[in-house]
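Trainee: Let me begin by handing over the structure; questions about it come next.
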Amino acid sequence: MNADLQRAVQWYPGHMVRAMRRIGEYLKMIDVVVEVVDARVPASGRNPLLDALIGSRKRLIVLDREDLADAATTKAWVERFASQSLPAIAVNGREQPSVRRAGQTIAKLASDVPGMSRAIVLGLPNSGKSSIINGLLRRAAARTEDRAGVTRQLQWFRMAGNVELMDTPGILVPKIATPEAQWKLAMVGAVPRDRYDPQEIVGHFHRWLIEHRAGRTRVPDLETFARERGFSRKGGEFDLHNAAQSYVSAFNDGVFGRISLEEPT
């Protein structure tokens, strides 16, 4: 792991430290916890520090970007969470009918709370939290952007019925546990782009593909991608740095098809 990615492992901005401290306080008035997780990384994409804070509160895991993940693998993850008494639902945060199913589940979980109930939306940076909130509210209320760390302040929004939603800043774990989790989180956009070398991330990703899909992948390596997309410099050399940035974007746009980076074990 190079120095840039190693710094990313320790990356824990002050606003995240403060938000993590406050979440414990806010949870005292919360009835339902909605944990948004990128469906491509259901293990690495969760913050283990949240478990102790959430405790026994009602909880829904929303596997967002299911349209980018392998459908069979996502179904297996939903079943795995259910076996752990953790309700889970897979959605595409950009499609209203899909998010509406999550809203119905949240309302059901909150139905036995007298009066107004409160739900909090938690997740890693760029996990799709704001898109989920906008889908639940059926309007653009929470700011969305394809980069980590956009939401910086806590916000309350009123859902239909008797549920209020709290949006929170994305909370990156203080230390990403393994090198494998590091490149996966960088690949799906949970680590800020200026904190890692995209060439190295793409290299890890393609080696993983070869190992897990031997003879079954048509996803190009970085040099092939650079040649096909015209990332060249004078003298015939490839501009691999910019090609790698475009490669990561292509992955997150679904250009390479539906790919899950983790399977339940």
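Trainee: Roughly how many Å is it from the Cα centre of the range 53-121 to that of the range 186-265, as a whole number?
Mentor: 30
Trainee: Could you please rank W183, W208, placing first whichever residue has the fewest other Cβ atoms within 10 Å of its Cβ?
Mentor: Least to most surrounded, the residues fall as W208, W183.
Trainee: Could you order the peptides 155-167, 216-228 from most to least packed, using the average number of other C-beta atoms within 10 Å per residue?
Mentor: Per-residue Cβ counts within 10 Å, averaged per peptide and sorted highest first, yield 155-167, 216-228.
Trainee: If r is the Cβ-Cβ distance from S83 to V255 and R0 is 25 Å, what FRET efficiency results, to the nearest 0.05?
Mentor: Result of the calculation: an efficiency of 0.15.
Trainee: Please compute the modelled spin-label separation between D239 and N162, points set 7 Å along Cα→Cβ, answer in nm with one decimal.
Mentor: My value for the distance between the label points is 5.8 nm.
Trainee: For Q96 paired with E223, estimate the spin-label separation in nm (one decimal), with each label point 7 Å from Cα along the Cα-to-Cβ line.
Mentor: 4.9
Trainee: Ranking request for peptides 68-79, 107-118, 32-43: highest mean number of other beta-carbon atoms within 10 Å first, then the rest in descending order.
Mentor: Per-residue Cβ counts within 10 Å, averaged per peptide and sorted highest first, yield 32-43, 68-79, 107-118.
Trainee: Once you charge only the Cβ atoms, +1 for Lys and Arg and -1 for Asp and Glu, what is the size of the charge dipole of the range 179-252 about its Cα centre, to the nearest 20 debye?
Mentor: My answer is approximately 220 debye.
Computed from the coordinates by the stated procedures, all read-outs in this text should not be read as laboratory data. These figures come from a predicted structure and were not determined experimentally. Positions of Cβ are backbone-derived with ideal geometry, glycine not excepted, and every protein chain shown enters the neighbour counts.
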